[in-house]
1. Specify the residue that is surrounded by the fewest Cβ atoms within 10 Å (Cβ to Cβ); the eligible residues are those in the range 114-131 that are touching a strand residue (DSSP E or B) at 6+ places or on another chain (Cβ under 8 Å), assigned to a loop (DSSP other than H, G, I, E, B) and not small (Gly, Ala, Ser).
2. Please specify each residue of the range 32-56 satisfying the condition of being charged (D, E, K, R) and modelled with pLDDT of 90 or more.
3. Condition first: farther than 20 Å from Pro55 by Cβ and in contact with a strand residue (DSSP E or B) (Cβ under 9 Å, 6 or more places away or on another chain). Now tell me which residues in the range 132-156 satisfy that.
4. Does Ala107 fit the bill of being buried (at least 22 other Cβ atoms within 10 Å of the Cβ), out of contact with any helix residue (DSSP H, G or I) (no Cβ under 8 Å at 6 or more places or on another chain), among the hydrophobic types (A, V, I, L, M, F, W, C) and within 21 Å of Pro42 (Cβ to Cβ)?
5. Evaluate the range 57-69: report whether one residue or more is without any contact (Cβ under 8 Å) to a residue 40 or more places away in the chain and either under 18 Å from Ala125 (Cβ atoms) or exposed (fewer than 14 other Cβ atoms within 10 Å of the Cβ) (or both).
6. Residues that are under 15 Å from Ala125 (Cβ atoms) and either touching a His at 6+ places or on another chain (Cβ under 7 Å) or in a strand (DSSP E or B) (or both): does the range 2-25 have at least one?
7. Would you point out the residue of the range 65-113, among those that are part of a helix (DSSP H, G or I) and among the acidic types (Asp, Glu), that is farthest from Asp29 (Cα to Cα)?
8. Only one of Lys88, Lys95 is of a type outside the set (Ser, Thr, Tyr), modelled with pLDDT of 95 or more and touching a helix residue (DSSP H, G or I) at 6+ places or on another chain (Cβ under 8 Å). Can you tell me which?
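The values are calculated or read from the model by the stated rules, or taken from the named source; none is laboratory data. Since we're looking at a predicted model, the values are computed, not measured. Here the Cβ positions follow ideal geometry from the backbone for every residue, glycine too, while neighbour counts run over all protein chains shown.
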Amino acid sequence: MAIQAGDKIPNATLKKMGPSGMVDVTTDDLFSGKRVVLFAVPGAFTPTCSAKHLPGFVEKAAEIKAKGIDTIACVSVNDAFVMDAWGKAGNVGDKIEMLADGNAEFAKALGLDFDGSGIGFGVRAQRFAAIVDDGVVKHIAVEKPMQFEVSSAEAILAAL
């Protein structure tokens, strides 16, 4: 069953690139004592993700953080090297934490994974966005397949 508002984020370890290489980011590190906007994309460098989803959060980062959000985090079922390169290509800077869920363990724990093997993707995360307060989901918007409406930066701003 997919995670819903009121549920606690499950324990998981994600990866990101640090100054001297790949580092672990636990969900406790990411969410404890913080208000976080978390959004997930099916894949780095994919069309909608690169043209709309990530750029929207980059553009609206200051407005989102002005609403009391400590961290904006993007997660995808890619490796940390790909997420780092995508962040650089998207001029993310320090606006968004680019997190890798390389084995889809986090997406599966959230109940928000899908099987994209029919198009050569393997297991991926569904496109979604959530507002998380101290590890508890306050709002979550999951897109229908091939859609981009409810998980945009504008939609999250409206929910804040």
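1. Checking each candidate, the answer is Gln126.
2. Lys34, Arg35
3. Applying the first criterion (farther than 20 Å from Pro55 by Cβ) to the range 132-156 yields 132-140, 142, 144-145.
Matches in the range 132-156: Val132, Asp133, Asp134, Gly135, Val136, Val137, Lys138, His139, Ile140, Val142, Pro145.
4. Values: buried (at least 22 other Cβ atoms within 10 Å of the Cβ): yes; out of contact with any helix residue (DSSP H, G or I) (no Cβ under 8 Å at 6 or more places or on another chain): yes; among the hydrophobic types (A, V, I, L, M, F, W, C): yes; within 21 Å of Pro42 (Cβ to Cβ): yes.
Answer is yes for this residue.
5. There is at least one residue in the range 57-69 that is without any contact (Cβ under 8 Å) to a residue 40 or more places away in the chain and either under 18 Å from Ala125 (Cβ atoms) or exposed (fewer than 14 other Cβ atoms within 10 Å of the Cβ) (or both).
6. Taking the range 2-25 and keeping what is under 15 Å from Ala125 (Cβ atoms), we get 2-3, 9-10, 12, 14-15.
Filter once more, keeping what is either touching a His at 6+ places or on another chain (Cβ under 7 Å) or in a strand (DSSP E or B) (or both): 14-15.
Yes - at least one qualifying residue is present in the range 2-25.
7. As a first pass, look at the range 65-113 and keep what is part of a helix (DSSP H, G or I): 65-66, 80-89, 105-110.
Pick out the ones that are also among the acidic types (Asp, Glu) and you get 84, 105.
Numbers: Asp84: 19, Glu105: 17 Å.
Ranking the qualifying residues of the range 65-113, first place goes to Asp84.
8. Numbers: Lys88 fails: touching a helix residue (DSSP H, G or I) at 6+ places or on another chain (Cβ under 8 Å).
Among Lys88, Lys95, only Lys95 is of a type outside the set (Ser, Thr, Tyr), modelled with pLDDT of 95 or more and touching a helix residue (DSSP H, G or I) at 6+ places or on another chain (Cβ under 8 Å).
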